[in-house]
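Here is the structure we will look at.
The values are calculated or read from the model by the stated rules, or taken from the named source; none is laboratory data. Here the structure is a predicted model, which means the values were calculated and not measured. We place every Cβ from the backbone using ideal geometry, glycine too, and count neighbours over all the protein chains shown. Remember, those area values only see protein heavy atoms, side chains included, never the ligands or the DNA or RNA. Shrake-Rupley method; radii C 1.70, N 1.55, O 1.52, S 1.80 Å.
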Amino acid sequence: MAFDHKHLIDITEYSAEDIMQILETAVTFMEVNERKIKKVPLLKGVTVVNMFNEPSTRTKSSFELAEKRLSCDVLNFGGKSTSVVKGESLVDTLETLDAYKIDLVVVRDKHAGVPYLLSQHTPAAIIDAGDGKHQHPTQALLDLFSIWRSKGTLEGLHVGIVGDIGHSRVCGSLVPALKIMGCTVTLIAPQTLLPARPDVLGADYVTADLDAALPELDAVYMLRVQRERLEGAPFPSTREYNMLFGMTRDRERLMRPDAIVCHPGPINRGVELDSYLADHPERSVILDQVYAGICTRMAALYLLLGGSENA
């Protein structure tokens, strides 16, 4: 089935059927990633630019691996290595790259709206790899994939998202994606780590009581406390934060027997998540999320670049 999207910038532009097509395509790429030779020629000759203007480990490495395993020609570009530091605008930089006849740009930037802006100035496809506090759609897709594979369904699940909601672009994509797929969503955070209008995210419930919420949750999604983005002192100490909002060994007794723990990484161990649960062999799907990043990004690249029409 053809895929009727050019860009992956705003997850709310995708229907449940679109998202399911990506997840099901990602399953087929799991088999590729289990091979000794993890490479297929599906996008041979396609040129992809990774424009990362902000630091990244998991997102950048998994995109680059996904592209190379699809046989793309890859140009890694951005940050201090570009003429932006000399005063050139991002649009001018993009138009320079366009002269190379590129096909797709994966862009991460600290400013919200940059992927959409660039999409207005290029014939190439754009994937948002995280923009400011706005969205991170491929993170939402890999999270959905991990939860779906673990639980067997998404419809009807109750997912709690815990922690630094106010600074999280993960929430900007994950909450609407979960709602699109038929989940109930509860945001759990201190008032100081919520946005001014948490209702805008579209969650069903908002609470500051993690202990009361845990028995109702099928998946507990822990967010990293983004210390680099915090203004002032939103909580007295990391020790107190861990006591009230951390997933600890003691708090596990409140969880459903089959509930799972997710985290987008990197983990602040001992703050939002104790090592006991981060490494738990049954509950933690954190490394599954990392692996899902390659499979879902391969699927998104393949579908956006017309692979389903050619293969």
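Can you tell me which of (1) open to solvent by 60 Å² or more (accessible area, probe 1.4 Å); (2) assigned to a loop (DSSP other than H, G, I, E, B); (3) touching a strand residue (DSSP E or B) at 6+ places or on another chain (Cβ under 8 Å); (4) not basic (Lys, Arg) is the one residue 75 doesn't meet?
(2)
Could you give every pair whose Cβ atoms fall below 8 Å, whose first residue belongs to segment 288-311 and is outside any helix (DSSP H, G or I) and of a type in the set (Phe, Trp, Tyr), and whose second residue is open to solvent by less than 40 Å² (accessible area, probe 1.4 Å) and at pLDDT 95 or above, counting only separations of at least 6 or pairs across chains?
Hits for this filter: zero, empty list.
Among the residues of segment 206-229 satisfying the criterion of being out of contact with any helix residue (DSSP H, G or I) (no Cβ under 8 Å at 6 or more places or on another chain) and modelled with pLDDT of 95 or more, which is most open to solvent (accessible area, probe 1.4 Å)? Break it down into steps so the answer makes sense when it comes.
Taking segment 206-229 and keeping what is out of contact with any helix residue (DSSP H, G or I) (no Cβ under 8 Å at 6 or more places or on another chain), we get 209, 212-213, 216-217, 222, 224, 227-228.
Next, only the ones that are modelled with pLDDT of 95 or more stay: 209, 212-213, 216-217, 222.
Values: 209: 74, 212: 64, 213: 14, 216: 95, 217: 1, 222: 0 Å².
Checked segment 206-229; the qualifying residue most open to solvent (accessible area, probe 1.4 Å) is 216.
Which of (1) in a loop (DSSP other than H, G, I, E, B); (2) in contact with a Leu (Cβ under 7 Å, 6 or more places away or on another chain); (3) at pLDDT below 95 is the odd one out, the single condition residue 133 does not satisfy?
Just one mismatch for residue 133, condition (2).
Could you list, in sequence order, the residues of segment 23-62 that are open to solvent by less than 80 Å² (accessible area, probe 1.4 Å), closer than 30 Å to residue 111 by Cβ and out of contact with any Ser or Thr (no Cβ under 9 Å at 6 or more places or on another chain)?
47, 48, 49, 50, 54, 56, 60, 61
Whether any residue in segment 165-177 is modelled with pLDDT of 95 or more and more than 19 Å from the chain's Cα centre (by Cα) is what I want to check.
no
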